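Down below is the structure, laid out as structure tokens.
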Amino acid sequence: MRRFVIGSARNLIESSRQKYQFERSILSSPYRFLSSSPAADSPSSSSSSSSTMAHPVSLNTINPKVIECEYAVRGEIVTLAQKLQEEIQTKPDAHPFEEILYCNIGNPQSLGQQPITFFREVLALCDHPAILDKSETQGLFSADSIERAWQILDQIPGRATGAYSHSQGIKGLRDTIAAGIEARDGFPADPNDIFLTDGASPAVHMMMQLLIRSEKDGILCPIPQYPLYSASIALHGGTLVPYYLDEATGWGLEVSELKKQLETSRSKGITVRALVVINPGNPTGQVLAEENQKAIVEFCKQEGLVLLADEVYQENVYVPEKKFHSFKKVSRSMGYGEKDIALVSFQSVSKGYYGECGKRGGYMEVTGFGADVREQIYKVASVNLCSNISGQILASLVMSPPKVGDESYESYSAERDGILSSLARRAKTLEDAFSKLEGVTCNKAEGAMYLFPRIDLPEKAIKAAEAAKKAPDAYYCQRLLAATGIVFVPGSGFGQVSSWHLAF
Amino acid sequence: MGLKALDYETMNENVKKVQYAVRGELYLRASELQKEGKKYMKSTVCWGSMHFHIIFTNVGNPQALGQKPLTFPRQVVALCQAPFLLDDPNVGLIFPADAIARAKHYLSLTSGGLGAYSDSRGIPGVRKEVAEFIERRDGYPSDPELIFLTDGASKGVMQILNCIIRGQGDGVLVPVPQYPLYSATISLFGGSLVPYYLEETANWGLDVNNLRESVAQARFKGITVRAMVIINPGNPTGQCLSEANLREILNFCYQENLVLLGDEVYQQNIYQDERPFISSRKVLMDMGPPISKDVQLVSFHTVSKGYWGECGQRGGYFEMTNIPPKTVDEIYKIASISLSPNVPAQIFMGLMVNPLKPGDVSYDQFVRESKGILESLRRRARIMTDGFNSCKNVVCNFTEGAMYSFPQLRLPPKAIEAAKQAGKVPDVFYCLKLLEATGISTVPGSGFGQKEGVFHLRTTILPAEEDMPEIMSSFKKFNDEFMAQYEDNWNRSRM
């Protein structure tokens, strides 16, 4: 059989290879120098078979989009940190520090932040509803958490939290979320517009999948940006169209900049399909002013762009002069409805004051699309059947937490305020500390969970980085890690290459 | 007024090509009927305060049909969810000591409890437990570094196929009939599905000659065949592959340079004793070098099936064999974009692969619950097969494994004609009529693929055992009337 394959079928295989010549060369991108370049990658023992064909799953035969995409948040610096962590475990004196401090990622509960008690009570009861019938449970759980658990379980057919739900998520939970959105914005929300997902990230991927047909489709993304966007666009074969936030004005977003980038990309033959806005910003932390948001909405409407509003940090605003306004609220307040603007809003249980990253809970609210597009979104969601039920429940809790008068309200609000005020204090402390360092300037963190200080590296440092074949900020981060055990992400991982920054 | 941003015409074509019948037309119609609150049966099926009139047998979703979750894992995860309980002196009143101990064990493996992102591949300690499970099962060591936990096995399948498919020139061998995750994903990623037909008359057996023919045909069309999917036990067909069959398949993959994707999510669902489950990896290792060191294999498992049925948790893993290190790194990189799989499901996975032992406080209850479910599934497999075989023009292979029954419907020509008139594929037509008449919601065989002119439907064997006789008699009544109507010599009014 083997000879048959090599003999008569070889021609067919060769011609099919020529016919489908896949782009192996990696498209140049500013983020490339963060990863190791793909070298020859052969299986552990070369097969004694006389095959001259590479294995199907090897570096030069897998989907090149996989090779191309980058995700610095868990990239090279983290791999290095994990290695050092292992070394410390076996040889505590191996390095001049006792532990690795992972500041690369918004993962609050890994750094000691406590979950909101009420939420966990409800989730535990939904995980093990059998105990709801026991009298001892009253002594271990707050009364309102028991009540909320019953309420939620009644919305789940058969109270079966282990069953696949509707592919958009349990209807009753979507009702709760829609009500929460309405309470937040003052404008109605439709539960049928909500798609519960395993975190906000899968929802972003879904939209990119729908929007991107080829590399001629472009998505406007802020620079610096959270690299989920660049990674997702690369994975789906599209083109990232950057728009630059202005560091000098606190990372301001100018519509003139949006217009400029749109024109430039169109002149290159790119069809720009959507605009990503991260508000509050990641890694920059800026909170958009309402006027700014109105201009953005107007821009999207005029240019026929889908507005992808990443609003996962909506509960993380630290400065009294700024307030979060959802893009849906802004659009509706301008009198724009379903027929005027296509808007997708992303929310997550991972951030805010709840910080439940490990739960993978989130949703997207999809408005302004025709029924036929909506059907397609539903269809894609259905292939994965549904998102995890516990995450769905948590999303509904986040959007409808305890109210004044509820038994748990006082402890809930104390926990919430404690976390938020601590975050605000830490933001200020670190911002001040950074600003005092030589060669470092730091914008205020108005929101989100990050600081993005700028480092002015001396010439010699830049040269040393070049010699080490690293981006200057990546070189700095590696040196920092080796000396202190602190893990920051180089700003180039977020696209910022006009000047050097650290993100943490 | 601006331009339309995203409409049907300007959407990614691949998305439009995707079909996933499991939650398609039949399911949507059934959901509509459920909303309308239609009644079908004399006795309503009820759990708690909910009354069901539609029987959803469209998806392998045991807990939606009354199967209870196993007690022990739920106790452990509840404690992990609310660790402050562990500090409460009264916790022992409602949680047994071994659940408490196990919760502490899993919490210690996390990097900050259930609320922290874990390693993107999954919690190392849990992956170690998975590796130990695989070693106990197969007798060969397994490397935790090559095991990635995922939000359900489906996500893992999608990740791997995304790596394999570069464009429409890349073909993936998929059994027909198949679980439509494969066809949907291949469409989504713009690849080519290369079907190989299972032989219904030979108990849905796999003939290597069919494989060779399928590959040759694909290559003739200029497709590079890259991978082969096997679902063992099969979905929707239920057949369990023999060791000889698995050897043939592995040899075939070796000769044809294909990566084997072994969907083994139903490995605990075995209802006959002639062909117990053997993992693809075990057979591969048994075959020894050069094949054992050469053939690339990715094996998938889940907490959704078996006797656990924890579909809603979204917990799964894939294990890679003979995948080169730098490629493993790329797969890791893609996993890291999603940050981490959900942590509660990882704990369910740990509990599933690292079960209770004799002597543990909860052991007896756990065994009782598990056995109860498995033995009932075995009985239901038999009840359904026999029930279908007693129906006019229906022939049904025995469900050797998995969770489904896939009877063949020998539709009379007049029925096929009526379907055509109604603008429906014949088995869709039949299934819609079945739904309207009885409330039984199935998935038409066309959703899984079948030979031209042969029709089936897929149902699960999951409805409660006590409801089975009534469901089967309801089906038989509908079917026999339907068949009689369309075999009638006189031209009755069209339905």
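Screening A:GLN286 with (1) open to solvent by less than 20 Å² (accessible area, probe 1.4 Å); (2) within 14 Å of chain B (Cβ to nearest Cβ); (3) among the polar types (S, T, N, Q) gives one miss only, at (2). Quick check: anything in region A:129-140 at the interface with chain B (Cβ under 9 Å from one of its Cβ atoms), touching a helix residue (DSSP H, G or I) at 6+ places or on another chain (Cβ under 6 Å) and open to solvent by less than 10 Å² (accessible area, probe 1.4 Å)? Looking through region A:129-140, at least one residue is at the interface with chain B (Cβ under 9 Å from one of its Cβ atoms), touching a helix residue (DSSP H, G or I) at 6+ places or on another chain (Cβ under 6 Å) and open to solvent by less than 10 Å² (accessible area, probe 1.4 Å). Is it fair to say A:VAL297 is in contact (Cβ under 8 Å) with a residue 40 or more places away in the chain and closer than 24 Å to A:LEU397 by Cα? Here the answer is no, as A:VAL297 does not meet what is asked. Quick check, is A:ARG416 out of contact with any helix residue (DSSP H, G or I) (no Cβ under 9 Å at 6 or more places or on another chain), of a type in the set (Lys, Arg) and in contact (Cβ under 8 Å) with a residue 60 or more places away in the chain? Judged against the criteria, A:ARG416 is a match.
Are any of the residues in region A:253-270 assigned to a loop (DSSP other than H, G, I, E, B) and either modelled with pLDDT under 95 or surrounded by 22 or more Cβ atoms within 10 Å (Cβ to Cβ) (or both)? Yes, there is a match, as at least one residue in region A:253-270 is assigned to a loop (DSSP other than H, G, I, E, B) and either modelled with pLDDT under 95 or surrounded by 22 or more Cβ atoms within 10 Å (Cβ to Cβ) (or both).
Answer yes if at least one residue in region A:152-159 is β-branched (Val, Ile, Thr), under 18 Å from B:LEU85 (Cβ atoms) and either within 11 Å of chain B (Cβ to nearest Cβ) or surrounded by fewer than 21 Cβ atoms within 10 Å (Cβ to Cβ) (or both), and no otherwise. No: region A:152-159 contains no residue that is β-branched (Val, Ile, Thr), under 18 Å from B:LEU85 (Cβ atoms) and either within 11 Å of chain B (Cβ to nearest Cβ) or surrounded by fewer than 21 Cβ atoms within 10 Å (Cβ to Cβ) (or both). Residue pairs, Cβ under 7 Å, 6 or more apart or interchain, first in region A:42-67 and more than 7 Å from chain B (Cβ to nearest Cβ), second at pLDDT below 50. List them. Pairs that qualify, where the first residue is more than 7 Å from chain B (Cβ to nearest Cβ) and the partner is at pLDDT below 50, are A:ASN60/A:ARG24. Exactly one residue out of B:GLY306, B:GLY262, B:GLY288, B:GLY312 is within 14 Å of another protein chain (Cβ to nearest Cβ) and in a strand (DSSP E or B): that is B:GLY262. Here A:ILE67 does not qualify as of a type in the set (A, V, I, L, M), within 18 Å of A:SER408 (Cβ to Cβ), in contact with a helix residue (DSSP H, G or I) (Cβ under 7 Å, 6 or more places away or on another chain) and open to solvent by less than 50 Å² (accessible area, probe 1.4 Å). Being without any contact (Cβ under 8 Å) to a residue 24 or more places away in the chain and within 9 Å of another protein chain (Cβ to nearest Cβ) is the filter; apply it to region A:339-372 and report the residue that is surrounded by the fewest Cβ atoms within 10 Å (Cβ to Cβ). This residue is A:ASP372. Only residues that are part of a loop (DSSP other than H, G, I, E, B) and either in contact with a Phe, Trp or Tyr (Cβ under 6 Å, 6 or more places away or on another chain) or aliphatic (A, V, I, L, M) (or both) were counted across region A:215-224, and they come to 1.
Sort out which residues of region B:315-334 are at the interface with chain A (Cβ under 9 Å from one of its Cβ atoms) and open to solvent by less than 10 Å² (accessible area, probe 1.4 Å), and write them in order of number. The answer is B:GLY315, B:MET320, B:PRO324, B:THR327, B:ILE331.
Regarding region A:188-196, can at least one residue be identified that is within 11 Å of chain B (Cβ to nearest Cβ), surrounded by fewer than 16 Cβ atoms within 10 Å (Cβ to Cβ) and acidic (Asp, Glu)? Within region A:188-196 (the criterion being within 11 Å of chain B (Cβ to nearest Cβ), surrounded by fewer than 16 Cβ atoms within 10 Å (Cβ to Cβ) and acidic (Asp, Glu)), the answer is no, since none of the residues qualifies. Of the residues making up region B:338-355, those that are part of a loop (DSSP other than H, G, I, E, B) and within 15 Å of B:GLY306 (Cβ to Cβ) are B:ASN354, B:PRO355. Within the set A:GLY269, A:GLY281, A:GLY238, the sole residue that is in the same structural domain as A:VAL366 (by the TED database), farther than 21 Å from A:ILE341 by Cα and in contact (Cβ under 8 Å) with a residue 60 or more places away in the chain turns out to be A:GLY281. Only residues that are part of a helix (DSSP H, G or I) and aromatic (Phe, Trp, Tyr) were counted in region B:140-163, giving 0. Condition check for A:GLY199 on (1) more than 10 Å from chain B (Cβ to nearest Cβ); (2) on the phi > 0 side of the Ramachandran plot; (3) not hydrophobic (A, V, I, L, M, F, W, C): one failure, at (1). The residue list B:PRO412, B:PRO469, B:PRO426 contains one member that is farther than 29 Å from A:VAL383 by Cα, outside the structural domain of B:ILE186 (by TED's automatic domain parsing), over 23 Å from the mean Cα position of the chain (by Cα) and open to solvent by less than 40 Å² (accessible area, probe 1.4 Å), which is B:PRO412.
The values are calculated or read from the model by the stated rules, or taken from the named source; none is laboratory data. Keep in mind that what you see is a predicted model, and the values were worked out from it rather than measured. In this analysis, Cβ positions are derived from the backbone assuming ideal geometry, glycine residues included, and neighbour counts consider all displayed protein chains. The area values use the complete protein model at the heavy-atom level, side chains included, leaving out ligands, DNA and RNA. Shrake-Rupley method; radii C 1.70, N 1.55, O 1.52, S 1.80 Å.
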